[in-house]
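Report on one structure; see the data block that follows.
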Amino acid sequence: MSSRRSIAGIAGVLCLLAASLRAGEVRGRLVADRKPIAGVAVEAVPLETPLEAARREARKQEAPKPLAAAATRPDGTFALVVASAPTTPPFRLQLSGGGTVPVLQERVFDPSDAEDLGDVTVARGQALAGRVTDESGGPVVGATVTLWSAGGAGGFGPGDRATGEPVPVTATTGADGAFRFAAAAERGNRLRVEAPGFATAERTGLRSGALLRPVSLALGRAITGTVVLADRKTPVGAALVRLEGPIAGRWVEARPENAVAAAFPPRRPAPARSSCSPPPARSAAGWWTPTRARRSRESG
């Protein structure tokens with residue numbers, strides 16, 4: 001009798017373990033202009049909170065690796081299998097490649113979900129090219145150009161409206177200051193251009209094709225400051241700061257001594273806001289007090 005109970009107990013444990021490790025599956029078909037699209041990468045990207053994404057940007061860390069990946073077949077269908085374990089986080093679907101505009105779908109999936117999405121509408125990518133120059137018209141070599149294409153968002157099912165967000169794609173300018181993207185949207189593109197020693201520049205509402213005029217960069221400033229609480233006395237540890245104005249800067253993190261260096265923000269100083277990463281566990285409002293603004297000289 002005791003041996004039977006032991007076997008039954010082991011079987012029960014195995015069943016529970018198998019249930020906790022079961023795999024979820026998300027299926028669907030990608031279409032553009034009502035035609036199937038082959039060769040598109042479908043990835044299960046772990047869900048990030050805004051604070052986690054800001055901290056990753058400040059620390060210049062890589063994006064989270066996909067939990068699983070698949071590619072669409074010639075008929076546009078895909079089957080994405082995600083192993084479900086207690087530590088597996090929720091995820092979103094990122095679609096890229098295959099001549100389409102990359103997009104991160106808005107819907108959040110649980111690893112144990114079994115879903116058939118039906119037709120998922122994506123947009124075909126188009127070329128977008130241009131040049132980056134300094135104020136004198138000379139080419140800026142090695143500038144980082146980031147593209148966000150809002151037109152890439154697609155919906156689930158026929159007639160659905162866009163439900164995703166743009167996926168940033170980067171390119172580097174060559175010796176002539178030129179850059180090119182192969183998968184931009186027909187309209188609604190945004191470009192951010194960054195280069196050491198220069199203020200960040202942005203262009204919005206761009207159509208595909210060649211830009212009619214180059215993106216001109218002005219010399220920037222290096223600004224440092226200290227993050228304190230609302231009493232303007234108590235330093236805030238592990239604070240994230242971003243300068244905001246006509247162009248929002250990148251998130252930077254306060255050093256152990258609570259100093260923050262914002263490298264080359266827009267030429268005119270802009271208000272800053274700060275967000276605290278743990279500790280404390282929740283966000284806290286703070287003040288960012290600039291202590292130095294230094295004009296940078298163009299290198300080379």
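No lab work stands behind these numbers, since they all come straight from the coordinates. Every value quoted in this text rests on a predicted model; they were computed, and no experiment measured them. For neighbour counting, all protein chains shown are included, and Cβ atoms are generated from backbone atoms with ideal geometry for every residue, glycine included.
So how do 232-241, 32-41 stack up, highest first, on mean other-Cβ count within 10 Å? Present the calculation step by step, with values, prior to reporting the outcome.
Details: 232-241: 17.0, 32-41: 15.4.
Descending packing order for the listed peptides: 232-241, 32-41.
Provide the packing ranking of 183-190, 222-229, i.e. peptides ordered by the mean count of other C-beta atoms within 10 Å per residue, highest first.
Values: 183-190: 20.6, 222-229: 19.1.
Ranking, from highest mean packing down: 183-190, 222-229.
Using alpha-carbon positions, what is the distance between the centroids of segment 173-192 and segment 38-65, in Å?
If we compute the Cα centre of each part, the gap is 22 Å.
So, R0 is 35 Å and r is the distance between the beta-carbons of residue 71 and residue 176; what FRET efficiency does that work out to, to 0.05?
Numbers: r = 35 Å, r/R0 = 1.00.
It comes to 0.50.
Classify segment 22-121 as rounded, prolate or oblate, taking a ≥ b ≥ c as the square roots of the eigenvalues of its Cα gyration tensor: rounded when a/c is under 1.5, otherwise prolate if a/b is larger than b/c and oblate if not. Please list the in-between numbers first.
Values: a/c = 2.34, a/b = 1.39, b/c = 1.68.
In terms of gyration-tensor shape, oblate.
Using 7 Å Cα-to-Cβ label points, what is the residue 108/residue 83 separation (nm, one decimal)?
Result: 2.4 nm between the two label points.
Can you order the peptides 128-135, 86-93 by their average number of other Cβ atoms within 10 Å per residue, highest first? Before the final figure, lay out each step's value.
On the way: 128-135: 19.9, 86-93: 15.8.
So the order, starting with the most tightly packed, is 128-135, 86-93.
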